[in-house]
Amino acid sequence: APTSSPPLSMMLRSLLVFIVVAFLPFIYAAPCIVTSFASVANAVATCEEIVLSTFSVPGGSTLDLTKLKSGASVSLNGTITFGYKEWVGPLMSVAGSGITFKGPGTLDGQGALYWDGQGGNGGKTKPKFFYAHNVKSSTFTDFTILNSPVQALSINGASDVIFSHITINDKAGDVKDLGHNTDGFDVGSSTNITITQCTVYNQDDCFAVNSGNDISFTHNFCSGGHGISVGSVGGHSDNVVKGVHVDSCNVTDSQNGLRIKTNYNTTGSVSDVTWNNILLTNIQEYGIVIRQDYLNGGPTGKPTNGVPVTQLTATNVVGSVGSSAIPVFILCGKGSCSDWTWSAIKVQE
């Protein structure tokens, strides 16, 4: 008897299965799982989804993620340990557009191998840790930076970037006061940056913005360092700070609470700074300090007026300072501090 042809429906189903199987690799590309430093460059060059597992980075080398594909996703799932070598760094660098960098892993800079109480002012040459430079429309969330040799996270030339749920933990640097210049978040020449729900334990500025506009620092916790700062401003390539909004933050066991500092005999401007709902606890030197007399990183006692500080709004800043501390200290140049609005300020011993 003649063999009958299979039904058309069966043929169509078979064709559909063939098409799905043939093109599945193009529809979904599995993430590139990185288990060694040697395989990082290839993953960056070829993959849109990268998973960083546990591995070590040789001393003197940068974990380089500056050539990520647009829209790439990087998941830090393990612990990356950076080997010891005296050099300037950075230990890690990320750049690109539409980047998602997420945890919950840890970056361990082994700061204790470098800490000598001198930070970037002498002693061992210490590498800066994490550069988020030239990053656009991206997010960084849910990871830990541990034991940074000096400055932890530098944000420069960035725009439309959110940093959230990041922990910077340099508590170990408190031992014998060896940790120094371990800034948390340093922002320069950037626009529309949000840092929120982060925790910083360190021995220098928790957050500092030296230039840029529309910078938000909200719902963060700072402990052990120099507090929340604008400046120092003046004498750099970019000397304009406009639109810094600090809201709902706690600063505890720190040298200062809130600070604005500008450099002696320089030019620039600081405007539209807002401090709102700030709790200060056990501040050791100044609860609020604004001074325009910095020279070579320290105060001179002689303010100049080349960097005006205007449109400063402070609301509901409360808390305590130590018995030898000053609740509020202001030292402005002639006519260079104006259009300030303060209300519900209660900082006391």
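Below are the figures for this structure:
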| item | result |
| --- | --- |
| Check on residue 76, closer than 23 Å to residue 136 by Cα, open to solvent by less than 30 Å² (accessible area, probe 1.4 Å) and in contact with a helix residue (DSSP H, G or I) (Cβ under 8 Å, 6 or more places away or on another chain) | no |
| Count of region 187-204 residues which are assigned to a strand (DSSP E or B) and open to solvent by 30 Å² or more (accessible area, probe 1.4 Å) | 5 |
| Scan of region 151-166 for residues that are surrounded by 24 or more Cβ atoms within 10 Å (Cβ to Cβ) and over 10 Å from the mean Cα position of the chain (by Cα), ordered by number | 158 |
| Flag for residue 304 being in a strand (DSSP E or B), over 20 Å from residue 205 (Cβ atoms) and open to solvent by 20 Å² or more (accessible area, probe 1.4 Å) | no |
| Selected residue (only one of 253, 238 is over 17 Å from the mean Cα position of the chain (by Cα), closer than 19 Å to residue 327 by Cα and open to solvent by 20 Å² or more (accessible area, probe 1.4 Å)) | 253 |
| Filtered residue count, region 48-60, keeping only those that are within 20 Å of residue 134 (Cβ to Cβ) and crowded, with 17+ Cβ neighbours inside 10 Å | 1 |
| Region 36-60, residues that are of a type in the set (Val, Ile, Thr), over 25 Å from residue 85 (Cβ atoms) and assigned to a helix (DSSP H, G or I) | 46 |
| Any hit, region 167-180, residues being open to solvent by 30 Å² or more (accessible area, probe 1.4 Å) and either over 20 Å from residue 255 (Cα atoms) or within 11 Å of the chain's Cα centre (by Cα) (or both) | yes |
| Meets criteria (modelled with pLDDT of 95 or more, open to solvent by 20 Å² or more (accessible area, probe 1.4 Å) and of a type in the set (Val, Ile, Thr)) for residue 341 | yes |
| Test: residue in region 278-285 that is hydroxyl-bearing (Ser, Thr, Tyr), surrounded by fewer than 20 Cβ atoms within 10 Å (Cβ to Cβ) and touching a residue at least 12 places away in the same chain (Cβ under 8 Å) | yes |
| Criterion violated by residue 322 - all others in (1) touching a strand residue (DSSP E or B) at 6+ places or on another chain (Cβ under 6 Å); (2) under 20 Å from residue 206 (Cα atoms) satisfied | (1) |
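The values are calculated or read from the model by the stated rules, or taken from the named source; none is laboratory data. Just so we're clear, the structure is a prediction, and the values are computed from it rather than from any experiment. All Cβ positions, glycine included, derive from the backbone under ideal geometry; neighbour counts span all protein chains shown. The protein model used for the area step is the full one, side chains on, heavy atoms only, and it has no ligands, DNA or RNA in it. Shrake-Rupley method; radii C 1.70, N 1.55, O 1.52, S 1.80 Å.
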